[in-house]
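A.B. asks: Take this structure, written in structure tokens, and hold onto it; I'll ask about it next.
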Amino acid sequence: MKSLHVELGERSYPIYIGSGIVHQPDLLNQHISGTNVLIVADENTAGHFLQPLLATLSAFNCQHITLPAGEAHKTLDTVSTIFDVLMRERFDRNCTLIALGGGVVGDICGFAAAAYQRGVTFIQIPTTLLAQVDSSVGGKTGVNHPLGKNMIGAFHQPACVIADMSTLQTLPERELKAGLAEVIKYGLIDDAEFFHWLGDNMSGLLALAADKLSYTVNRCCENKARIVAADERENGQRALLNLGHTFGHAIENACGYGVWLHGEAIAAGMCLAARFSVRSGCLQADSVRQIEQVLIATGLPTKPPEQMTGEQCHELMYRDKKMRDNLLTLVLLNGIGESFLTNKFDQNLLKDFLRTEFDTP
Ligand code: GLY
């Protein structure tokens, strides 16, 4: 097992990465507050992992709730169902919530933990690649609003993250590929060497080669821990982790949450960010070809959905969380592994670019 550290002063915590580690009571128990534990799972993960986790936690008064799976259920109503259990069971402030599942469950459970009695202990046990490499680390929690993705939320750091590689062996192929989009993102942001390693090792990752998966989760978590430690509240460089997300969130919202998986929308979003970087004169067209090649080899989309219009994308992008004083901040690329933030791009060029990308048959 490897242990990484997210350095955030009194909110610091470990990320444990290994195989079978979710069944080690000593690892988990040391991070639990109190005697009352609520496991929040989703219907996809509960069948595989809930009973073993309940056995690991046999020393505690352990309740569980299973949420419907999918981004469409990442709502305030779903959060309320967690509060109902906590209230009914009379859980006090010294309780622990455990998110068991993918990014949606982690975001919902983390938000419930941030809000219940103004904040209780929370542990992440991510069981999808996407959650292991990105959403379980860094304390972003929240839910969607019908008009915008992740618009309601809070920063609430977990007490620990337990990334058990064995959970990936049952991951549906589409979810694996969606997780690989966030993996590729780390290469593009500031780790060109890793991007090229991914290009050489994608078939092994798609075949669930354990050594390659664990190398990948480690490398992504190292990158994420470093970025979050430097900018917990996203006042600066953490926003680089949003590469492809402003375009991608617009896609997720326009198609209806859950129709495109988050990672699929981010894959197309990263291509749009790369192509707009070329249009803005900061990236070579050959780099876009390399990015598309890796995404295609992964089985991910490189183009936005056909039914969406440029106008619609533009409108949704300008409702993004990253708007400040009417200015939209985008993450663009100077090269592979060289991302930067800007709100000084040519706004008319963006409109024209979106028309070309979305409205040209
Ligand atoms: N997923 C982006 C972040 O955690 O900042």
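A.B. asks: What are the residues whose amide H is under 5 Å from the amide H of LEU283, where those residues sit 5 or more places off or on another chain and H is modelled from the backbone?
C.D. replies: VAL278
A.B. asks: Still on this structure, please answer the following. Which net charge results when you count Lys and Arg as +1 and Asp and Glu as -1 among the other residues whose beta-carbon is under 10 Å from that of MET151?
C.D. replies: Details: positive: LYS149, ARG319, LYS321; negative: ASP320.
Residues near MET151 contribute +2 overall.
A.B. asks: Among the GluC sites (Glu not before Pro) in segment 36-123, which ones are in a DSSP loop with at most 13 other Cβ atoms within 10 Å of the Cβ? Mind listing them? Show your work: numbers first, answer last.
C.D. replies: Values: sites: GLU43, GLU71, GLU89; in loops: GLU89.
Listed in order of number, the matching sites are GLU89.
A.B. asks: For segment 269-361, what size does the Cα cloud have along each of its three principal axes, sorted from largest down, in whole Å?
C.D. replies: 38, 31, 21 Å, listed from the longest principal axis down.
A.B. asks: Something else now. What's the FRET efficiency of ARG289 with LEU327 using the Cβ-Cβ distance as r and R₀ = 45 Å, to the nearest 0.05?
C.D. replies: On the way: r = 31 Å, r/R0 = 0.68.
Efficiency for this residue pair is about 0.90.
A.B. asks: Let me ask you something else. How would you rank ASP107, ASP320, going from fewest to most other Cβ atoms within 10 Å of each one's own Cβ?
C.D. replies: ASP320, ASP107
A.B. asks: Greater than 31 Å separation of Cα atoms is the criterion. Which listed pairs, LYS149/LYS224; LYS212/LYS344; LYS224/LYS321; LYS149/LYS344; LYS74/LYS344; LYS212/LYS322, meet it?
C.D. replies: On the way: LYS149/LYS224 21 Å; LYS212/LYS344 39 Å; LYS224/LYS321 20 Å; LYS149/LYS344 24 Å; LYS74/LYS344 33 Å; LYS212/LYS322 34 Å.
Long pairs (Cα-Cα over 31 Å): LYS212/LYS344; LYS74/LYS344; LYS212/LYS322.
A.B. asks: On to the next question. Only counting other Cβ atoms within 10 Å, I'd like LEU130, LEU50, LEU316 sorted with the fewest neighbours first. The partial results should precede the final answer.
C.D. replies: Working: LEU130 27, LEU50 16, LEU316 21.
Fewest-to-most Cβ neighbours within 10 Å comes out as LEU50, LEU316, LEU130.
A.B. asks: If each residue's Cβ is checked for other Cβ atoms within 10 Å, how do ARG219, ARG319 rank with the fewest at the top? Walk me through the numbers before you get to the answer.
C.D. replies: Details: ARG219 19, ARG319 16.
Ranked by crowding around the Cβ, least crowded first: ARG319, ARG219.
A.B. asks: Quick one: net charge around LEU188, please, counting Lys, Arg +1 and Asp, Glu -1 for every other residue with C-beta under 15 Å from its C-beta. Display every interim value, and only then the final one.
C.D. replies: Working: positive: LYS185, ARG219, LYS224, ARG275, ARG289; negative: ASP134, GLU182, ASP190, ASP191, GLU193, ASP286, GLU292, GLU338.
With Lys, Arg at +1 and Asp, Glu at -1, the neighbours total -3.
A.B. asks: Let me ask something else about it. What is the distance in Å between the Cα centres of segment 31-57 and segment 216-282?
C.D. replies: 30
A.B. asks: Can you give the direction-averaged projected area of the convex hull of the alpha-carbon atoms in the chain, in nm²? Could you put the intermediate results ahead of the total?
C.D. replies: Details: hull surface 65.5 nm².
With every direction weighted equally, the projected area is 16.4 nm².
A.B. asks: OK, next. In whole Hz and in residue order, list the ³J(HN,Hα) couplings for segment 258-265 that follow from phi through the Karplus curve 6.51 cos²θ - 1.76 cosθ + 1.60, θ = phi - 60°; x for Gly and Pro.
C.D. replies: My calculation for segment 258-265 gives x, 5, 9, 5, 3, x, 5, 5 Hz in order.
A.B. asks: Using the Karplus curve 6.51 cos²θ - 1.76 cosθ + 1.60 with θ = phi - 60°, what ³J(HN,Hα) values do you get for each residue of segment 7-18, in whole Hz, with x for Gly and Pro?
C.D. replies: 8, 9, x, 6, 9, 5, 7, x, 10, 9, 10, x
A.B. asks: Local charge sum around LEU130 (other residues, Cβ-Cβ under 9 Å, Lys/Arg +1, Asp/Glu -1)? List each step's numbers first, then the result.
C.D. replies: Numbers: positive: none; negative: ASP134, GLU175, GLU182.
Taking every Cβ under 9 Å from that of LEU130, the sum is -3.
A.B. asks: Treating only the Cβ of Lys, Arg, Asp and Glu as charged (+1, +1, -1, -1), what charge dipole size does segment 283-361 show about its Cα centre? Round to the nearest 20 debye.
C.D. replies: Working: 9 positive and 12 negative charges, 52 e Å.
The dipole magnitude comes to about 240 debye.
Laboratory data are not the source of any read-out in this text; all were calculated from the coordinates shown. On a predicted model such as this, the values are computed, not experimentally measured, just so you know. When we count neighbours, we look across all protein chains shown, and the Cβ atoms used for this are built from the backbone with ideal geometry, even at glycine.
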